[in-house]
Every structure is written in C-alpha cells, then in structure tokens.
Amino acid sequence: MVVTADPVGDFNATSQILRYSALAREVTVPRVPSLTGSVVSTTSSHHRSISGRTSPNYALAEELERAAAEINRLSNDCHSIAIRLAEEEIARSEVEFRLKASEERCVMIEQEVREECWAEMDDMMEEERRRWQKAWDEQVSIYAVNWIRKILTISSLDAMTNTWTRRLS
C-alpha cells in the first residue's frame with residue numbers, strides 16, 4: 001500500500017490518511033490456492049519407480065475430473081439460467097407492452113365516458129331549461145290573464161259608475 005501525505009496541506013486530511021494506513025498495515029488476507037499451484041503439486045507428488053519413471057497420482061486425476069465435471073455442470077446451469085432470463089425479459093417486455101396498451105384503452109374509455117356524461121348532462125340541462133321556460137310562459141300567461149281580468153273589472157266598474165252617475169243626475 002502506498003500512502004502520500006502533503007506536509008504543507010490540510011493537517012486533518014494528512015492525519016486521517018496516516019491513521020488509515022496504520023490500520024490497513026495490520027490487515028492480512030488469506031490466499032486462495034491457485035490452479036497452477038495444484039498442478040505443480042501434482043507433478044511433484046508423482047511416485048517415482050526404480051526405473052526413474054513417474055506414475056500419476058490417480059486421486060488427483062479423479063479430483064480434477066470431478067472439478068471439470070462440476071465446471072461443465074455449472075456452465076450448463078449458467079447457460080440454462082441465461083436462456084430463462086432471456087425468456088423472462090421477453091415476457092416482461094410483452095407484459096409491459098400490454099400494460100401500455102391497456103392504459104391507452106383505459107384513457108380512451110374514460111374519454112368516451114366523459115363525453116357521454118357531458119352529452120347526457122347537456123340533454124338534461126336542455127330539458128330542465130324547457131321545463132322552466134314552459135313554467136315561466138304559464139306564469140306570464142296567468143299574470144296577463146289576471147291583468148286583463150283586473151282591467152275588465154275596472155272598466156266594467158267604470159261603466160257601472162258612469163251609468164249610475166247618469167241615472168242619478
């Protein structure tokens with residue numbers, strides 16, 4: 001680990017860097033044995049016969065075969081999972097497309113319902129306006145008839161008054 005500190009810079013930052021590096025120096029990470037180390041150890045663990053030839057260690061060969069089989073199985077699993085993922089992504093995109101289409105249909109249906117309600121409300125308002133106009137016209141005619149009756153009554157009273165005044169005179 002390489003640590004740089006600026007002697008002219010910020011004291012707090014420099015002290016934090018130095019504290020961190022002191023803590024990091026104490027950390028130890030265990031090493032995982034590498035595949036090449038296993039191969040080297042298998043070649044060194046071969047049994048030498050009297051003739052100087054080496055015989056392979058069959059236990060390590062079986063372990064390597066099991067590891068290769070496991071790698072092959074995991075590769076196949078990974079491939080099948082990738083296929084399932086692709087299928088799920090396709091299904092998800094289809095569902096999202098259907099959702100968008102249904103949302104658009106909902107908007108269209110809502111618009112149609114609003115227009116129908118608006119037209120129904122206009123019809124009801126027009127009907128109500130006609131009803132009120134009819135009632136108003138009836139009131140006006142009743143008012144006019146009453147005025148005509150009053151005028152006729154007054155004129156007949158005037159005529160009677162004229163008749164009585166002529167008779168009395």
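The values are calculated or read from the model by the stated rules, or taken from the named source; none is laboratory data. All values reported here derive from a predicted model rather than from experimental measurement. FYI the Cβ positions are ideal-geometry reconstructions off the backbone, even for glycines, and counts take in every protein chain you see. Note: accessible area is taken over every heavy atom of the protein model, side chains too, but ligands, DNA and RNA are not part of it. Shrake-Rupley method; radii C 1.70, N 1.55, O 1.52, S 1.80 Å.
For the residues Arg166, Arg105, the requirement of being assigned to a helix (DSSP H, G or I) and exposed (fewer than 10 other Cβ atoms within 10 Å of the Cβ) singles out Arg166. Please determine whether any residue of segment 130-138 is surrounded by 10 or more Cβ atoms within 10 Å (Cβ to Cβ) and either among the acidic types (Asp, Glu) or touching a strand residue (DSSP E or B) at 6+ places or on another chain (Cβ under 6 Å) (or both). Among the residues of segment 130-138, at least one is surrounded by 10 or more Cβ atoms within 10 Å (Cβ to Cβ) and either among the acidic types (Asp, Glu) or touching a strand residue (DSSP E or B) at 6+ places or on another chain (Cβ under 6 Å) (or both), which makes the answer yes. Restricting Ser38, Ser15, Ser21 to those that are under 30 Å from Ala61 (Cβ atoms) and either assigned to a helix (DSSP H, G or I) or at pLDDT 75 or above (or both) reduces the list to Ser38.
What about Ala135, is it within 40 Å of the chain's Cα centre (by Cα) and either not in a helix (DSSP H, G or I) or not charged (D, E, K, R) (or both)? Considered against the rule, which asks whether it is within 40 Å of the chain's Cα centre (by Cα) and either not in a helix (DSSP H, G or I) or not charged (D, E, K, R) (or both), Ala135 comes out as no. Considering Ser45, Ser55, the condition of being open to solvent by less than 60 Å² (accessible area, probe 1.4 Å), at pLDDT below 70 and in contact with a strand residue (DSSP E or B) (Cβ under 8 Å, 6 or more places away or on another chain) is satisfied by Ser55 alone.
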